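The values are calculated or read from the model by the stated rules, or taken from the named source; none is laboratory data. Remember, predicted model here, so these are calculated numbers, not experimental data. With ideal geometry, Cβ positions are generated from the backbone for all residues, glycine too; neighbour counts draw on all protein chains shown.
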Amino acid sequence: MLLVAQRYAKALLQIGQKQGDVVTLQLELNSIVDLVRTQPDLERLCMHPLIAPSKKAAVFDEILARANASETIKRFFSVVAKAARLNLVYELAVAFNGLVDQHQGILSAEVISAQQLSESQTHALSESFSRRTGKKMRFAMRQDPNLLGGLKIQVGSVIYDASLQGRLRMLKERLLSA
């Protein structure tokens, strides 16, 4: 299903690029997704497999009209709903946000630390990774009390382990191999 969401997101990105308003579309898409997430009835409409796609499209179009959505977003969701893919609304947003980040040269990473990092530490980390990757960094911070110290950074499928446990494990491996 993620591949399907990726295709729709790519199409929306191409439309946004032609119109020159990718960021506006991103903000609008994210606000629609937030609306779905916060309204249980709307979420049920999107996720329920037995409601006819044409009915979903009509109801969703009415909701988008009341939310003052742009014509682009209305047409996009009309196509998605009629194709019986409205249940992918969350995946669409994730895929689109990822494509927009990629388009803007932003790299997302998850930082896991024992304690909350200060603003200066976060800035230094961002600068270091920006120099290393040549891209702007966006960090999602998470605390893990099981880490004794240091941090782990996951960029895509690559994990940089600068935790105390990681360093001790490397030291142990060196000692055992010597």
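Some values worked out for this structure:
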| item | result |
| --- | --- |
| Of all residues making up the stretch 51-106, the number that are surrounded by fewer than 17 Cβ atoms within 10 Å (Cβ to Cβ), touching a residue at least 24 places away in the same chain (Cβ under 8 Å) and of a type in the set (Asp, Glu) | 1 |
| Cross-chain or 6+ apart pairs with Cβ under 6 Å, the stretch 131-149 first and within 24 Å of ARG169 (Cα to Cα), then at pLDDT below 85 and of a type in the set (Ser, Thr, Tyr) | LEU147/SER163 |
| Test result for PHE139, surrounded by 14 or more Cβ atoms within 10 Å (Cβ to Cβ), hydrophobic (A, V, I, L, M, F, W, C) and either closer than 16 Å to GLN26 by Cα or at pLDDT 90 or above (or both) | no |
| The stretch 109-129: number of residues that are among the hydrophobic types (A, V, I, L, M, F, W, C), assigned to a helix (DSSP H, G or I) and over 24 Å from ASN97 (Cβ atoms) | 1 |
| Identity of the residue in the stretch 11-46, part of a helix (DSSP H, G or I) and charged (D, E, K, R), that ends up surrounded by the most Cβ atoms within 10 Å (Cβ to Cβ) | GLU28 |
| Within the stretch 130-149, tally of residues that are part of a loop (DSSP other than H, G, I, E, B) and either of a type in the set (Phe, Trp, Tyr) or over 21 Å from GLN116 (Cα atoms) (or both) | 2 |
| Residue match in the stretch 150-171 (condition: more than 19 Å from the chain's Cα centre (by Cα), farther than 19 Å from GLN26 by Cα, free of Cβ contacts under 8 Å to residues at least 12 places away in the same chain and assigned to a strand (DSSP E or B)) | yes |
| Which numbered condition ALA93 misses (of (1) touching a strand residue (DSSP E or B) at 6+ places or on another chain (Cβ under 6 Å); (2) closer than 26 Å to GLN17 by Cα) | (1) |
